[in-house]
Amino acid sequence: MLILVVLVVVWIFLFAFGCQKKEEIETAQNVPGTPIETGKNQMPSNTGMEYPKEMLEAIQKSKDKISESAPVKKGHAPVVVPADVQKKWKAVVIEVANKQTKDQKDYVVDISQGFIIPNTKIRLNVVAFLPDFSMSAKGITSRSNELRNPAAKVVIYENGTKIFEGWLFQEFPTVHPFEHKVFAIKLKGQKSA
């Protein structure tokens, strides 16, 4: 039962900031992760479902010690891109799929640059790229320069109006996906400098 409660708290915390929603979060579990096992990331129970490694690590750590969580203030978590990450990565590969025609095309978009999807009024700005996305109560950063949990923060506009701001996760494309009646946009890869 304790594992379920901790799982729910960690899940809410991990994904509340990923969407950059402005709702106030009263508390959030802030437990540093430790590796638990190699291989497939599965819940300890027989659910058969896969979960992010960071979530499993937090659950394992919480079994040993449950600490009081710190309140998280309303607003966006600060994003810190380490200098070595900025130097190594220059662009991301974005997959754009037209849901109506089933056409798919990949585009290389420079980090800190914008891109207009051809024949549309949709503009995508890549704000940041983190090869090893990590989130805590202090903010969002990359734990390393290795491609362990690649994510790109994007802002998408249609006709000049912001319609999406959030993180696209390469390994977890269905977590906080960009939702649009015609287009699906996913992080497919990255390009080093």
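For segment 136-193, the mean projected area of the C-alpha convex hull, equal to one quarter of the hull surface, is 5.6 nm². Rg and Dmax of segment 83-192, based on Cα coordinates, read 13.7, 43 Å.
Can you check what the net charge comes to around ALA97, using other residues whose Cβ is under 12 Å from the Cβ of ALA97 (Lys, Arg +1; Asp, Glu -1)? Result for the local shell: +2. Each residue of segment 114-129 was assigned a 3J(HN,Hα) from its phi angle through the Karplus curve 6.51 cos²θ - 1.76 cosθ + 1.60 (θ = phi - 60°); the sequence is x, 8, 9, 5, x, 6, 9, 10, 9, 10, 10, 10, 8, 7, 7, 10 Hz, with glycine and proline shown as x.
For segment 147-164, the Karplus equation 6.51 cos²θ - 1.76 cosθ + 1.60, evaluated at θ = phi - 60°, returns couplings of 7, 9, 8, x, 8, 10, 8, 10, 10, 10, 10, 10, 6, x, 9, 5, 10, 7 Hz by residue, with Gly and Pro reported as x. Both radii come from the Cα set of segment 111-163: Rg as radius of gyration, Rh as Kirkwood radius; their ratio Rg/Rh reads 1.10.
The HN-Hα couplings worked out from phi for segment 183-191 by the Karplus form 6.51 cos²θ - 1.76 cosθ + 1.60 (θ = phi - 60°) are 10, 10, 10, 9, 7, 9, x, 8, 10 Hz, whole numbers, x standing for Gly and Pro. Ranked by the mean number of other Cβ atoms within 10 Å per residue, highest first, peptides 162-173, 83-94 order as 162-173, 83-94.
Electrostatic bookkeeping for GLY114 treats Lys and Arg as +1 and Asp and Glu as -1; over the other residues with beta carbon under 14 Å from its beta carbon, the sum is +1.
Note on segment 83-192: with charges restricted to the Cβ of Lys and Arg (+1) and Asp and Glu (-1), its dipole about the Cα centre is near 100 debye.
Throughout, read-outs are computed from the coordinates displayed, never taken from laboratory work. Owing to the predicted nature of the structure, the values given are computational and were not obtained by experimental measurement. As a convention, Cβ positions derive from the backbone with ideal geometry for all residues, glycine included, and neighbour counts pool all protein chains shown.
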